[in-house]
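All remarks here apply to the structure that follows.
What follows is calculated from the coordinates using simple rules that are stated; it is not laboratory data. Nothing here was measured: the structure is a model prediction, and the numbers come from that model. Note that we place each Cβ from the backbone using ideal geometry, even for glycine, and neighbour counts take in every protein chain shown.
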Amino acid sequence: MTQQPQNTRDHLLQVGLRLIHSLGYASTGMKEILDEAEVPKGSFYHYFPSKEAYANEVLRLYAQGEAERALQIFGDTTVAPLTRLRAYFEELIRIYGPTAKVTGCMLGNLSLEMAGHHDSTQAILHDAFTGWQSIIAAVVREAIDRGELSPASDPDALAGFLLNSYEGALLRSKADRSAKPLDTFLHFTFNVLLKNS
């Protein structure tokens, strides 16, 4: 009996992860959430005071999952840092690129949809992007320490640039329904920018 509340809450969050990522915040109605989760409205409001609070928890769950994905790929120190970095972005493109079942990054999608109107969501997005950038910066720092990149490189600034470039390429790829922006991102990042640093 003590496990059921946590399971119901987790189930609702998993449903939100699927629906909000694929449909967006505004297009995901309470009816869709409740029907998909097969829970009554009272159960929903027992765990979440509002749809916005619910979306914020879904966003935190998504960010946590993406941080875990990055750490798993970056954690194999037997592979060169820049090789890991490329493998990581290739994995993201495979999962969220134009051929994926659900395209786009939830952080990017909700930044466009909610950050300007919902302060609590904007704060979560800011923290998620900051944490993501720090994870990438650690790999860049490792590449500098191993001599793969110039010691003059600024790991935090470079990580921010890579993250921003990836998110922009993903957005353009979605708009164009084409992988070309993401291919261009990979080419200039790994064959030009990081190769010549």
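Points worth noting:
- Relative contact order for the range 139-197: 31 percent, from Cα pairs under 8 Å spaced at least 6 residues apart, divided by residue count.
- Of the DSSP H helices in the chain, those whose Cα atoms cover at least 15 Å axially and whose Kyte score averages -0.5 or more: 51-74, 81-96, 119-145, 155-176
- Here the range 135-161 and the range 32-91 have alpha carbon centers that stand 26 Å from each other.
- Cα-based Lys proximity count in the chain, under 13 Å, for pairs eight or more positions apart or on separate chains: 4
- With a cut-off of 14 Å between beta carbons, the residues surrounding LEU171 carry a summed charge of +1, where Lys and Arg count +1 and Asp and Glu -1.
- Measuring nothing but how far apart in sequence close Cα pairs (under 8 Å, 6+ apart) lie, relative to its length, the chain scores a relative contact order of 20 percent.
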